[in-house]
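**Q** I have a structure I would like to understand better, so I am pasting it below and will then ask my questions one at a time.
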Amino acid sequence: MQIHENFSLRKLNSFGIEATARYFGSFAEVEHLEALLSAVQHASITNQQLFVLGGGSNILLTKNFDGWVLKNEILGIEELHEDDAYVYVKVGAGENWHSVVQYCIENGWAGLENLSLIPGNVGASPMQNIGAYGVELRDVFWDLEAYHLQDKKVHTFTEEDCEFGYRESVFKNKYKGQFVILNVTFRLNKRPVFHTSYGAIREELQKMGTQELSIRAISQAVCNIRRSKLPDPSQIGNAGSFFKNPTVTREYFEELKLEYPEIIGYPLPGDQVKLAAGWMIERCGWKGWRKGDAGCHEKQALVLVNYGEAKGSEIYALSQEIIESVEFRFGVILEREVNII
């Protein structure tokens, strides 16, 4: 297998940050991964950090990586079986997410349409339980297979095993860095259940002149909305939403509402309210802010951007300033959604 030294990661992260990996290799099947892990084990370097890279759309590289970066390029889409209501589709972790969504729409398999145009690869989708416009990955998830880096065995994880939460799973917490996701199986609807109440989907469908609701129409509406709000990583470096929407108690939300009547909040079970992080960031004056090539996007305050040659450390420093200003003004601590490397 080909192993590269001092390999540039600039084209492999959606922020377009220039950083290098001490060693780099890619794998397209478990046997390739095991060969790379063997190389790691026998390497003579003292620092043998290991990072598995997918689509690179949810990471911020703040420095060169003094270790091994292994890129997951496992491909394949396979219809496993079906029953009266569902079709079960197994997808390689290295497949592009949006391409898989479009493939499923072409085949009339429903459930992923609201998740159209989310950047990245399939392997990352269960790690952070991706979600958009009223749908989360967990709603269509069946199971996944993952390779354990220590016992060198393939394990199957069900939805219960993954312990999905808001942009969370066991792979971001107690099993962080222990597993490599190989494939994900989705349970998709033969008869679609349309989700159009969240965000501006209904309004966009009307603008499109949609006469008959379909998963294709919803996908197109979501794509239109995302393109109007979010910068294209191929044009401006970014990782989508940089921060999670924070959750507060209803009691505290009502206190905030007295001072900020226009504050945005979404009711949650357990007397909780999810706040719109972008609204708070914008109220703190960050929307459109720029210093050098690091900035906060002019249309969406949740998105931090690299206008060209920003360093990852500069993007990180900006995110810290934003967190501190939101805490000072609203008493709410924002959490980064992007993984910091």
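The values are calculated or read from the model by the stated rules, or taken from the named source; none is laboratory data. Because the structure is a prediction, the values reported are computed rather than measured. Quick reminder, even Gly has a Cβ in these numbers, built from the backbone with ideal geometry, and neighbours come from all protein chains shown. Accessible surface is based on the protein model in full, side chains and every heavy atom, while ligands, DNA and RNA are left aside. Shrake-Rupley method; radii C 1.70, N 1.55, O 1.52, S 1.80 Å.
**Q** With a 1.4 Å probe and every protein chain kept in, tell me what percent of the accessible surface of the range 188-228 is carbon plus sulfur. If you can, show how the numbers build up before the last one.
**A** Working: 1160 of 2610 Å².
Ligands and nucleic acids excluded, carbon and sulfur reach 44 percent.
**Q** Rounded to the nearest whole Å², what accessible area per residue is found for the range 249-341 with the 1.4 Å probe?
**A** Working: 4920 Å² over 93 residues.
The answer is 53 Å² per residue.
**Q** Exceeding 18 Å between C-alpha atoms, which entries from my cross-link table qualify? They are 63/176; 11/63; 291/311; 172/244.
**A** Values: 63/176 20 Å; 11/63 15 Å; 291/311 12 Å; 172/244 14 Å.
Correct reply: 63/176.
**Q** If you don't mind, there's one more thing I want to ask. Taking the radius of gyration and the Kirkwood hydrodynamic radius from Cα positions alone, what is the Rg/Rh ratio for the range 243-324, to two decimal places?
**A** With Rg and the Kirkwood Rh in hand, the quotient comes to 1.06.
**Q** Go ahead and estimate [θ] at 222 nm for the chain from helices alone: -39,500 (n - 2.57) per DSSP H run with n ≥ 4, summed, over the residue count, rounded to 500.
**A** Rounded to the nearest 500, the figure is -7500 deg cm²/dmol.
**Q** If I take every Cα pair under 8 Å that is 6 or more residues apart in the range 1-112, average their sequence separation and divide by the length, what percent do I get for the relative contact order? Intermediate values should be presented prior to the final figure.
**A** Working: 181 pairs, mean separation 26.1, N = 112.
In percent, rounded to a whole number, it is 23.
**Q** Further question on the same structure: Does the range 145-194 come out rounded, prolate or oblate, given a ≥ b ≥ c as the square roots of the eigenvalues of its C-alpha gyration tensor, rounded meaning a/c under 1.5 and, failing that, prolate meaning a/b above b/c?
**A** oblate
**Q** Sticking with this structure for a sec: Given just the C-alpha atoms of the range 300-341, how large is their convex hull per residue in cubic angstrom? Each step should come with its number before you reach the end.
**A** On the way: hull volume 3.3 nm³, N = 42.
Given the Cα convex hull of the range 300-341, per-residue volume reads 78 Å³.
**Q** Label points 7 Å out from Cα along the Cβ direction at residue 235 and residue 333: separation in nm?
**A** That separation, rounded to one decimal, is 3.7 nm.
**Q** Moving on to the next point. State, to one decimal in nm, how far the label point of residue 83 lies from the label point of residue 276, with both points 7 Å from Cα in the Cβ direction.
**A** Those two pseudo-labels are separated by 4.0 nm.
**Q** With only Lys, Arg, Asp and Glu charged, each at its Cβ (+1 for the first two, -1 for the last two), find how big the charge dipole of the range 121-173 is about the Cα centre; round to the nearest 20 debye.
**A** Numbers: 5 positive and 10 negative charges, 54 e Å.
My answer is approximately 260 debye.
**Q** Then there's this: When the Karplus curve 6.51 cos²θ - 1.76 cosθ + 1.60 is applied with θ = phi - 60°, which whole-Hz ³J(HN,Hα) does each residue of the range 178-193 get, with x for Gly and Pro?
**A** Result, rounded to whole Hz: 9, 10, 10, 6, 9, 7, 10, 10, 9, 9, 10, 7, 6, 10, x, 10.
**Q** Work out the charge dipole of the chain with +1 on the Cβ of Lys and Arg and -1 on the Cβ of Asp and Glu about the Cα centre, then indicate which of 137, 246, 104 is farthest towards its positive end.
**A** Of the options given, the answer is 246.
**Q** Then there's this: Label the range 183-303 by shape, choosing from rounded, prolate and oblate, from the square roots a ≥ b ≥ c of the eigenvalues of the Cα gyration tensor; if a/c is under 1.5 it is rounded, and otherwise prolate applies when a/b is larger than b/c, oblate when it is not.
**A** oblate
**Q** Divide the volume of the convex hull of the Cα atoms of the range 280-320 by its number of residues and quote the answer in cubic angstrom per residue. Before the final figure, lay out the partial values.
**A** Numbers: hull volume 2.4 nm³, N = 41.
Convex hull of Cα atoms, per residue: 57 Å³.
**Q** Name the most mobile residue of 101, 140, 248, meaning the one with the largest mean-square fluctuation, in a Gaussian network model of the chain with Cα contacts below 10 Å.
**A** 248
**Q** Right, another one. Counting other C-beta atoms within 10 Å, and keeping those with at most 12, which DSSP coil trypsin sites (Lys or Arg not before Pro) do you find in the range 242-341?
**A** 299
**Q** Note the listed values (1) 164; (2) 122; (3) 147, then indicate which one is volume of the Cα convex hull per residue in Å³ calculated from this particular structure.
**A** It is the one labelled (3).
**Q** Using θ = phi - 60° and the Karplus form 6.51 cos²θ - 1.76 cosθ + 1.60, what ³J(HN,Hα) does each residue of the range 18-25 get, whole Hz, x for Gly and Pro?
**A** Listing the rounded values in order: 7, 7, 10, 9, 4, 9, 9, x Hz.
**Q** When the dipole is taken about the Cα centre of the chain, and only Lys, Arg (+1) and Asp, Glu (-1) are charged at their Cβ, what size is it in debye, to the nearest 20?
**A** That gives a dipole near 840 debye.
**Q** Tell me the label-point distance for the pair residue 150, residue 48, using the 7 Å Cα-to-Cβ offset, in nm and rounded to one decimal.
**A** The two pseudo-label positions are separated by 1.5 nm.
**Q** Under the rule of at least 5 residues apart or a separate chain, name every residue whose amide H is placed under 5 Å from the amide H of residue 268.
**A** 273, 274
**Q** Taking the Cα centroid of the range 242-299 and of the range 89-104, what is the distance between the two, rounded to the nearest whole Å?
**A** After rounding, the separation between the Cα centres reads 32 Å.
**Q** Would you mind telling me which residue in 70, 60, 268 has the biggest mean-square fluctuation in a Gaussian network model of the chain, where springs connect alpha carbons within a distance under 10 angstrom?
**A** 268
**Q** Share of Cα-Cα pairs in the range 3-161 beyond 23 Å, in percent? Can you show the working numbers first?
**A** Working: 5482 of 12561 pairs.
Tail of P(r) above 23 Å: 44 percent of Cα pairs.
**Q** Further question on the same structure: Would you list, by chain and number, the aspartates and glutamates whose Cα falls below 13 Å from the Cα of residue 153, excluding same-chain residues fewer than 8 positions away?
**A** Filter leaves 31, 34, 145.
**Q** Find the relative contact order for the range 245-313 and round it to a whole percent, using C-alpha pairs within less than 8 Å whose residues are 6+ positions apart.
**A** Taking the mean separation of contacting Cα pairs over the length of the range 245-313, I get 22 percent.
**Q** With the chain treated as a Gaussian network of Cα nodes joined by springs under 10 Å, which of 277, 217, 239 yields the largest mean-square fluctuation?
**A** 217
**Q** Multiply the residue gap between residue 262 and residue 66 by 0.36 nm, knock off their C-alpha separation, and tell me the result in nm, one decimal place.
**A** Between residue 262 and residue 66, full extension yields an extra 65.9 nm.
**Q** Beyond 17 Å, how much of the Cα-Cα pair distribution for the range 224-271 remains, as a whole percent?
**A** Values: 618 of 1128 pairs.
Of the Cα pairs, 55 percent sit more than 17 Å apart.
**Q** Could you tell me the relative contact order of the chain? Use alpha-carbon pairs under 8 Å, at least six residues apart, and round to a whole percent. Please report the intermediate quantities before stating the final value.
**A** Working: 697 pairs, mean separation 56.5, N = 341.
Relative contact order, the chain: 17 percent.
**Q** Would you work out which of 338, 313, 277 lies farthest towards the positive end of the dipole of the range 276-341? Charges go on Cβ: Lys and Arg +1, Asp and Glu -1.
**A** Highest projection toward the positive end goes to 277.
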